[in-house]
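What follows is a single structure, written as structure tokens, with notes after it.
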């Protein structure tokens, strides 16, 4: 039973480029969460999605960041016009049935903006 | 709102020492409590959990007991190994709400 998958594991972008981070939840899981972790810091919630719906995006920056979880395919976190401050590890987690259940994490995507 | 407080790190221990990482929480309802572990360069892995008062979660020699009277969920292990070196996160969740994570406690175990 494959766990949560994220790709790429490492992503290097220059300032102003776009970053696309992909997350495939565990089989049977319909809830996806994205978190950001800055170096030596804890996790910051960004967004919670179900299939085709954004449920809670209270942790997302208002500009340049967007997320989707289409009916088919992985969830995508998109960062437009990246800046150096976007450099961080981005983790995806999934849960099976409802918010508040145990979350299972992917290995993360480490974004470096040059 | 809900919150989780963990002891400040880093914690440095010798192999086979006893480990305690304190975690206390504030919640409006009846949360589930979790410990996650993050090894270097990896994502968070669920270590153990407890869903109601007086439950004890345990895994890989780690234990934590859900204490409602002291709003605590302290992580313990009787004899740590070098391979336990990692960052440990305490977290809580309530149905219909987002997870709340503590800031993490870095553990270093020396041979």
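Read-outs: derived from the displayed coordinates by stated rules, not from any lab. The structure displayed is predicted, hence computed values, not measured ones. In this analysis, Cβ positions are derived from the backbone assuming ideal geometry, glycine residues included, and neighbour counts consider all displayed protein chains.
Overview of values
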quantity: Cα shape, region A:31-103, gyration tensor, a/c 1.5 rule; calculated: oblate
quantity: Projected-area average for region B:57-98 over all orientations - Cα convex hull basis, square nanometres; calculated: 4.1 nm²
quantity: Virtual spin-label span in nm between residue A:84 and residue A:41, 7 Å along Cα→Cβ; calculated: 1.6 nm
quantity: Likely footprinting exposure, B:95, A:72, fewest C-beta neighbours within 10 Å first; calculated: A:72, B:95
quantity: Contact order relative to length of chain B, as percent, for alpha carbon pairs under 8 angstrom and 6 or more apart; calculated: 36 percent
quantity: Peptides ranked, highest mean first, by Cβ atoms within 10 Å: ranges B:9-16, B:97-104, B:28-35; calculated: B:97-104, B:28-35, B:9-16
quantity: 10 Å Cβ neighbours from other chains, averaged over peptide B:42-51; calculated: 4
quantity: Partner chain coverage, peptide B:25-38 - average Cβ within 10 angstrom; calculated: 1
quantity: Neighbour-count ranking [beta-carbon atoms within 10 angstrom, fewest first] of A:29, A:10; calculated: A:10, A:29
quantity: Shielding by partners, peptide A:23-29 (average Cβ within 10 angstrom, other chains); calculated: 0
quantity: Inter-centroid distance (Cα atoms) of region B:1-74 relative to region A:7-67, Å; calculated: 25 Å
